[in-house]
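*Asks:* Sharing a structure below in structure tokens format, with a few things to ask.
The values are calculated or read from the model by the stated rules, or taken from the named source; none is laboratory data. Remember, predicted model here, so these are calculated numbers, not experimental data. Note: ideal-geometry Cβ built from the backbone for every residue, glycine included; neighbour counts use all protein chains shown. Side chains are part of the model used for accessible areas, which takes the heavy atoms of the whole protein and leaves out ligands, DNA and RNA. Shrake-Rupley method; radii C 1.70, N 1.55, O 1.52, S 1.80 Å.
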Amino acid sequence: MSEDAPVPFKDADALIKEIDAAAKADPPPAAPDRDAAPPAPEVTVVAAGGEAPAPAAAPSGRPAIVEFKHVTKTYGDGPKAFTAIKDVHFRIEDIPGKGEFICVLGPSGCGKSTVLRLIAGLGPQHPPTTGEVLVDGRPVVGPGADRGMVFQDYTSFDHMTVEDNVAFGLACRGVGKAERIGQAHGWIDKVGLSVKNDARKYPHQLSGGMRQRVAIARTLILSPRIILMDEPFGALDPSTRMQMQDNLVALWRDLEATVFFVTHSIEEAVYLGDRVHILSSSPGTLLREITVPPPDRPAHAMQRDPRFLEYVFDIRDTIETLEASRRAGDD
Amino acid sequence: MSDGGQAPGVGGGPPGDSWTKRLFRLREEPPYYVRILLGVSSVGLLLLVWGGMTSGDIPEHRAISPAVLPSLGETAQSLPRLFGERGLIASIAASLTRVFLGFGLACVIGIPFGMLAGAWRPLNAFVTPLVIFGRNIPIAALIPLTLMWFGIDETQKVMFLFIATVPFVFSSAASAVVAIHQRYVETAQTLGASSWQVFRKVLAPLALPQVFTDQRQLFGLAFGYIMLAELVNAKRGLGFLIQMSQKRSQPEDILMILVIIGLLAWLIDKTLSWFQRGLFPYRRDL
């Protein structure tokens, strides 16, 4: 694969053929089952960009905040090779003074987390097998505080109090004790916890939702330009989840950061996102990018709106159709 | 007993769930007094069997000869002698000093190196052959070696305990760090922590409670080696006392010393556990 030249959205169909041909040429005895899908009839696949013309259609010379150039990640080789994501290709502009909220949707095990971890620079997903992951025009070399990450579980340092957890990144930067605890208190308040009651608690004294609030505060206090969230609300009950969504929307408006939010809840994706990226099941490919209206009301109100539900059903249908045509092309 | 809420009746206890029934529940901790009762009854049972096998007015009537197993009374009567003419207190002090020095040295060296090796695997790969070797050599073989290397005085005894325990200390510390979920490391890295900061602020403190628990158990191992450490040229010490009792054919003294060693080990473990709860307030499971 040698197309690093700017040929992003020329002809999806031809592109697929090229890549499949390349993939076939690589491993000597063609990999079994799904990986060795015949190239031809996946016509609907990779409409990326074609479907929703990127908001900033003219890149205006500035580098994209995040860019995936035909990224494929394969583990192992020969017949045991497993492809997590295949030819994922997209570009996110850095909208000045705002940033974008991208939700990544897809079935379990489709490589949603792989996309996130490639941006974060975390192994073993990083580095990609082929293709390039660029942040601000430069290839990702490893994790850093400019790309904050919130995980679903194991989110708090159990040996630190809430305020020390939130101040962790500042402590690593060498910010003095009084200064960083002061800032931490500000963020504890912003994420809806009580400085008076919670700041000196240990994580084991908090509920799951409160621990996620700590994790979010700990990431946002560093004002990262990119925020990566890997199903952060996946383990929470529905009403806590909606509260957290509202809180996140409110915080994000002040941040001017680009958010990547992985979820398998279509409602969550449609509510939070400016744009929804739909990934196919394994090996994950970017099936479609869909622009959705931004959240303008609290979650419990907006998620009952018929127009909102229409978007949700629409995306659900789209996913089913895309998956069906992919499967049809598989055998 | 702490958590209610899985099966109906835990805690509340409807009439159908008698305490006998609850004794047979899987993984349910019995109430405090039941636990104490069960513990006491196991010791009681042992004493009962012991008493039964050694009862009889004259030695010929006993199931087991007093030369093999003295009766409970005879064992208890050895206590004044042990404390008096045989200098039990001085021996306990001597043995504990040796164990604290030898095992303490093993901790001072083994724990930091082990934790570093758990975080930085090349070091682990480098040391692993030595550790496997050290964990599996026959401990008794170290006696003649340490005698040749360190002479016959205190140094030999301390170094023997050190060499015997440091491989275990090292590997327990290494595996405590290895067991920490990678997610913590990744979180710290995405918050901008350097490798050294991840180790110092995240890996080491998260592993420390487990390291402490392991050392509590390994202390028992070190204490168990006391006999071997005091085989040669000891003028005091519990091992030395046991050896002398064997030479004098006083099995009741040996039994009594073993009981005292057991009580001592229990006391030390309780003290360490108390420290542990104070040191790690964020681990309520300790």
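*Asks:* List the residues of segment A:164-195 whose accessible area drops by at least 40 Å² when all protein chains are present, compared with their chain alone, using a 1.4 Å probe and counting only protein heavy atoms.
*Replies:* Buried by the other chains: A:F168, A:C172.
*Asks:* Mind checking the dipole of the protein assembly as shown: about its Cα centre, +1 per Lys or Arg Cβ, -1 per Asp or Glu Cβ, Debye to the nearest 20?
*Replies:* Once rounded to the nearest 20, the dipole reads 2400 debye.
*Asks:* Please compute the Kirkwood hydrodynamic radius over the protein assembly as shown, one decimal place, Å, based on all pairs of different Cα atoms.
*Replies:* Roughly 29.8 Å, rounded to one decimal.
*Asks:* Quick one: compute the contact order of segment A:109-204, relative version, from alpha carbon pairs under 8 angstrom and 6+ residues apart, as a percent.
*Replies:* 23
*Asks:* Please average, across the residues of B:180-189, the number of beta carbons from any other chain that are within 10 Å of each residue's own beta carbon, and give a whole number.
*Replies:* Mean shielding count: 6.
*Asks:* Give the long-range amide H neighbours of A:L228: residues separated by 5 or more places, or on another chain, with amide H under 5 Å away, using H modelled in the peptide plane at 1.01 Å from N.
*Replies:* It is A:G148, A:M149, A:V150, A:F260, by chain and number.
*Asks:* Separate question: Probe of 1.4 angstrom, ligands and nucleic acids ignored: what's the accessible area per residue over segment B:91-279, in square angstrom?
*Replies:* Dividing the accessible area of segment B:91-279 by its residue count gives 48 Å².
*Asks:* Assigning unit charges at the beta carbon (Lys, Arg +1; Asp, Glu -1) and nothing else, what dipole magnitude in debye, to the nearest 20, does segment B:91-279 show about its Cα centre?
*Replies:* 220
*Asks:* Counting only other chains, what is the mean number of Cβ atoms within 10 angstrom of the Cβ of each residue in peptide B:196-207?
*Replies:* That works out to 2 on average.
*Asks:* Using alpha carbons only, how many angstrom separate the centre of segment A:169-204 from the centre of segment B:210-286?
*Replies:* Centre-to-centre distance over Cα atoms comes out at 44 Å.
*Asks:* How many square angstrom of accessible surface are buried between B and A, both sides summed, with a 1.4 Å probe and rounding to 100?
*Replies:* 2200
*Asks:* Please compute the net charge surrounding B:T146, taking Lys and Arg as +1 and Asp and Glu as -1 over other residues with Cβ under 13 Å from its Cβ.
*Replies:* Residues close to B:T146 contribute a combined charge of -1.
*Asks:* Report ³J(HN,Hα) in whole Hz for each residue of segment B:209-215, in order, from the Karplus equation J = 6.51 cos²θ - 1.76 cosθ + 1.60 where θ = phi - 60°; Gly and Pro get x.
*Replies:* Per-residue couplings from phi come out as x, 5, 4, 4, 4, 4, 5 Hz.
*Asks:* Ignoring GluC sites (Glu not before Pro) that are buried or in helix or strand per DSSP, and keeping those with at most 14 other beta carbon atoms within 10 Å, what is the longest stretch of chain B between them?
*Replies:* Counting only loop sites that pass the neighbour cut-off, the longest clear stretch is B:86-286.
*Asks:* Also, I was wondering about something else. Using θ = phi - 60° and the Karplus curve 6.51 cos²θ - 1.76 cosθ + 1.60, what whole-Hz ³J(HN,Hα) does each residue of segment B:59-75 get, with Gly and Pro shown as x?
*Replies:* Per residue, the Karplus-derived 3J(HN,Hα) values read x, 5, 7, 7, 5, 10, 5, x, 5, 8, 9, x, 6, 4, x, 4, 5 Hz.
*Asks:* Once neighbouring chains are kept in place and the probe is 1.4 Å, which whole percent of the accessible area of the protein assembly as shown is contributed by carbon and sulfur?
*Replies:* Carbon and sulfur together cover 62 percent of it.
*Asks:* Continuing with this model, one more query. Segment A:131-156: which residues show an accessible-area loss of 50 Å² or more, assembly versus chain alone, 1.4 Å probe?
*Replies:* A:F151, A:Y154
*Asks:* Which residues' amide hydrogens lie under 5 Å from the amide hydrogen of A:L279, considering only partners 5 or more residues apart or on another chain, with H built in the peptide plane?
*Replies:* A:L105, A:G106, A:L287
*Asks:* If packing is taken as the mean number of other Cβ atoms within 10 Å per residue, what is the order of B:126-137, B:236-247, highest first?
*Replies:* Highest-to-lowest ranking by the protection proxy: B:236-247, B:126-137.
*Asks:* Return the distance in nm (one decimal) between the two label points of a simple spin-label model at B:A93 and A:R307, each offset 7 Å from Cα along Cα→Cβ.
*Replies:* 8.8
*Asks:* Sticking with this structure for a sec: How crowded by other chains is B:236-249, given as the mean number of beta carbons from other chains within 10 Å of each beta carbon?
*Replies:* Across the residues of B:236-249, the mean count of other-chain Cβ atoms within 10 Å is 0.
*Asks:* Now a separate question. Please find the FRET efficiency linking B:S249 to B:S18, where r is the Cβ-Cβ separation and R0 is fixed at 51 Å, and quote it to the nearest 0.05.
*Replies:* Given R0 = 51 Å and the Cβ-Cβ separation, E is 0.45.
*Asks:* Leaving out ligands and nucleic acids, note down the accessible area per residue over segment A:146-292 with a 1.4 angstrom probe, in whole Å².
*Replies:* Accessible area per residue: 34 Å².
*Asks:* Multiply the residue gap between B:I137 and B:S65 by 0.36 nm, knock off their C-alpha separation, and tell me the result in nm, one decimal place.
*Replies:* Here the segment from B:I137 to B:S65 would lengthen by 22.2 nm.
*Asks:* Which order do the peptides A:79-87, B:270-278 take when ranked by the mean count of other beta-carbon atoms within 10 Å per residue, highest first?
*Replies:* A:79-87, B:270-278
*Asks:* Label-point separation (nm) for B:S55 and A:A235, each offset 7 Å from Cα along Cα-to-Cβ?
*Replies:* Using points 7 Å along Cα→Cβ, the separation is 5.8 nm.
*Asks:* Also: Using only DSSP helix segments of four residues or longer, with each worth -39500 (n - 2.57), what per-residue ellipticity at 222 nm results for the protein assembly as shown after dividing by its residue count and rounding to 500?
*Replies:* Value at 222 nm, helices only: -16000 deg cm²/dmol.
*Asks:* Considering amide H positions built from the backbone, and no H for Pro or chain starts, which residues 5 or more places from B:G87, or on another chain, come under 5 Å of its amide H?
*Replies:* When sequence neighbours closer than 5 places are left aside, there are no close amide H contacts.
*Asks:* A follow-up question, please. Tell me the Kirkwood radius of segment B:152-267: reciprocal of the mean inverse pair distance over distinct alpha-carbon atoms, in Å.
*Replies:* 17.1
*Asks:* Measuring from a point 7 Å past the Cα of B:L72 along Cα-to-C-beta, which residues in segment B:37-52 have an amide N at less than 13 Å?
*Replies:* The answer is B:41-52.
*Asks:* A follow-up question, please. Mean separation of Cα pairs under 8 Å and 6+ residues apart, divided by the residue count of segment B:91-279: what relative contact order is that in percent?
*Replies:* 28
*Asks:* For segment B:257-269, just list the computed ³J(HN,Hα) in residue order, Karplus coefficients 6.51, -1.76 and 1.60, θ = phi - 60°, integers in Hz, with x standing in for Gly and Pro.
*Replies:* 5, 4, 4, 5, 4, x, 4, 4, 4, 5, 4, 5, 4
*Asks:* Quote the relative contact order of segment B:74-188 in percent (integer), defining contacts as alpha-carbon pairs under 8 Å separated by 6+ residues.
*Replies:* So the answer I get is 40 percent.
*Asks:* While we're here: Rounded to the nearest angstrom and ordered from largest down, what semi-axes does the equivalent ellipsoid of chain B get from its C-alpha gyration tensor (root of 5λ)?
*Replies:* Over the Cα atoms of chain B, the semi-axes work out to 40, 34, 14 Å.
*Asks:* Ranked highest first by the average count of other Cβ atoms within 10 Å around their residues, in what order do A:225-231, B:111-117 fall?
*Replies:* Highest to lowest by the protection proxy: A:225-231, B:111-117.
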